[in-house]
Amino acid sequence: MRTIVISGGASAIGRAVAVAFRARGCHVITVDGSKADVVADLAVQAGRDNALRKIKELTNGRVDSVIVSAQTATGDPGTILGLNFFAATQLVEGLRSLLVTGPAPRVVLVSCEAILQPHDLAIIDACLAKDEYEARSAAASAPEFAYASSKLALSYWVKQQAVSHQWSGAGIILNAVAPGVEGTKTPPVTDSEESRAAPDRTPPTRIGRSPQPNELAALIVFLASPENSHIIGQTIFCDGGAEAALRPHHV
């Protein structure tokens, strides 16, 4: 029986993934702010440490897959970064010692189609340097870019780490998925002039609707299962063709 850890597992995409894995007979451990097997505030360091400790208590020393879907697009920009990037990467890194013991360890992180929208390089650089204080400071200066930057940094982290000795070299496969943005624009974190002026570069989906949680769950379950043996370091768009319409010459 595979043991699956899902952050954000009490709602939306995470809940759909939990349902799908349970239907496969897997042991699922959900992590969320409430109504989960592990209740923790992942936006802050103490909450992440508490979550990791509780997760390890609920396993027998092995985790087969980690799915990171806990995220937010609204609120304080520091909280957005803390949850979307730092909690995501720290959870995966903190469970690496349990992943490496399994026969087919897999990690899938939920990014977002918002990575195609305007972003702030100072925020991204601080995230990739794992400097949360600096990242939060940069986001305070450019709050309208906090969400897109947090998700782009996450996709960059996946691509950079996935092919390293620490991850694929140890048999752990990392990937990300990028759901389509609900509506036409990621909710701004402020009502600033800069936020209102930020261009909307996300086109409507080509099939006329956003993906449903169960549709995203099907993709995530495949990527997080032994059946996926060769897709590594990718951010796969599940957006009804919006990314293809926006970047027809980008491969």
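Only a single criterion out of (1) more than 24 Å from Gly171 (Cα to Cα); (2) in contact (Cβ under 8 Å) with a residue 60 or more places away in the chain; (3) under 16 Å from the mean Cα position of the chain (by Cα) is not satisfied by Thr79, namely (2).
Name every residue in region 72-114 that is surrounded by fewer than 23 Cβ atoms within 10 Å (Cβ to Cβ), at pLDDT 95 or above, touching a helix residue (DSSP H, G or I) at 6+ places or on another chain (Cβ under 6 Å) and of a type in the set (A, V, I, L, M, F, W, C), in order of residue number. Correct list: Val100 only. Each residue in region 169-211 was checked for being modelled with pLDDT of 65 or more and either surrounded by 14 or more Cβ atoms within 10 Å (Cβ to Cβ) or of a type in the set (Val, Ile, Thr) (or both), and 12 pass. Would you check if there is a residue in region 3-10 being in contact with a Gly (Cβ under 8 Å, 6 or more places away or on another chain), without any contact (Cβ under 8 Å) to a residue 60 or more places away in the chain, surrounded by 18 or more Cβ atoms within 10 Å (Cβ to Cβ) and closer than 27 Å to Asp239 by Cβ? Yes, region 3-10 contains a residue that is in contact with a Gly (Cβ under 8 Å, 6 or more places away or on another chain), without any contact (Cβ under 8 Å) to a residue 60 or more places away in the chain, surrounded by 18 or more Cβ atoms within 10 Å (Cβ to Cβ) and closer than 27 Å to Asp239 by Cβ. The set of residues from region 128-162 being surrounded by fewer than 23 Cβ atoms within 10 Å (Cβ to Cβ), of a type in the set (Ser, Thr, Tyr) and under 26 Å from Ser210 (Cβ atoms) comprises Ser155, Tyr156.
Among what's in region 219-243 and is β-branched (Val, Ile, Thr) and either assigned to a loop (DSSP other than H, G, I, E, B) or within 15 Å of Leu116 (Cβ to Cβ) (or both), pick the residue that is farthest from the chain's Cα centre (by Cα).
Looking at residues that are β-branched (Val, Ile, Thr) and either assigned to a loop (DSSP other than H, G, I, E, B) or within 15 Å of Leu116 (Cβ to Cβ) (or both), I get Ile231.
One residue alone among Arg106, Arg48, Arg53, Arg62 is over 13 Å from the mean Cα position of the chain (by Cα), of a type in the set (D, E, K, R) and closer than 30 Å to Ala242 by Cα, and that residue is Arg106.
For region 60-75, which residues satisfy the criterion of being within 20 Å of Gly33 (Cα to Cα) and aliphatic (A, V, I, L, M)?
Of everything in region 60-75, those that are within 20 Å of Gly33 (Cα to Cα) and aliphatic (A, V, I, L, M) turn out to be Val66, Ile67, Val68, Ala70, Ala73.
Looking across Glu144, Glu113, Glu134, one residue alone is within 14 Å of the chain's Cα centre (by Cα) and among the acidic types (Asp, Glu). It is Glu113. In the set (1) in a strand (DSSP E or B); (2) buried (at least 23 other Cβ atoms within 10 Å of the Cβ), the condition left unmet by Phe21 is number (1). Just give me the residues in region 105-163 being closer than 23 Å to Asp239 by Cα, assigned to a helix (DSSP H, G or I) and charged (D, E, K, R), in sequence order. Glu113, Glu144, Lys151, Lys159, listed by residue number.
If we scan region 52-69, do we find a residue that is among the small types (Gly, Ala, Ser), within 19 Å of Ile232 (Cα to Cα) and buried (at least 19 other Cβ atoms within 10 Å of the Cβ)? Don't jump to the end; show me each part of the working.
Of the residues in region 52-69, the ones among the small types (Gly, Ala, Ser) are 61, 65, 69.
Checking which are within 19 Å of Ile232 (Cα to Cα) leaves us with 65, 69.
From the residues that got through so far, the ones that are buried (at least 19 other Cβ atoms within 10 Å of the Cβ) too are 65, 69.
Yes, there is a match, as at least one residue in region 52-69 is among the small types (Gly, Ala, Ser), within 19 Å of Ile232 (Cα to Cα) and buried (at least 19 other Cβ atoms within 10 Å of the Cβ).
Scanning region 48-65 for residues being over 22 Å from Arg24 (Cα atoms) and without any contact (Cβ under 8 Å) to a residue 40 or more places away in the chain gives a total of 5. Going residue by residue through region 30-48, is there one that turns out to be more than 21 Å from Thr3 (Cα to Cα), acidic (Asp, Glu) and part of a loop (DSSP other than H, G, I, E, B)? There is at least one residue in region 30-48 that is more than 21 Å from Thr3 (Cα to Cα), acidic (Asp, Glu) and part of a loop (DSSP other than H, G, I, E, B).
Within region 115-127, the residues that satisfy the criterion of being crowded, with 18+ Cβ neighbours inside 10 Å and either hydrophobic (A, V, I, L, M, F, W, C) or touching a residue at least 40 places away in the same chain (Cβ under 8 Å) (or both) are Ile115, Leu116, Gln117, Ile123, Ile124, Ala126, Cys127.
Taking the criterion of being in contact with a Ser or Thr (Cβ under 7 Å, 6 or more places away or on another chain) and of a type in the set (Gly, Ala, Ser), the residues of region 3-23 that qualify are Ser7, Gly8, Gly9, Ala10, Gly14, Ala18.
The values are calculated or read from the model by the stated rules, or taken from the named source; none is laboratory data. The structure displayed is predicted, hence computed values, not measured ones. Neighbour counts are summed over all protein chains in view; Cβ atoms, including those assigned to glycine, are modelled from backbone coordinates with ideal geometry.
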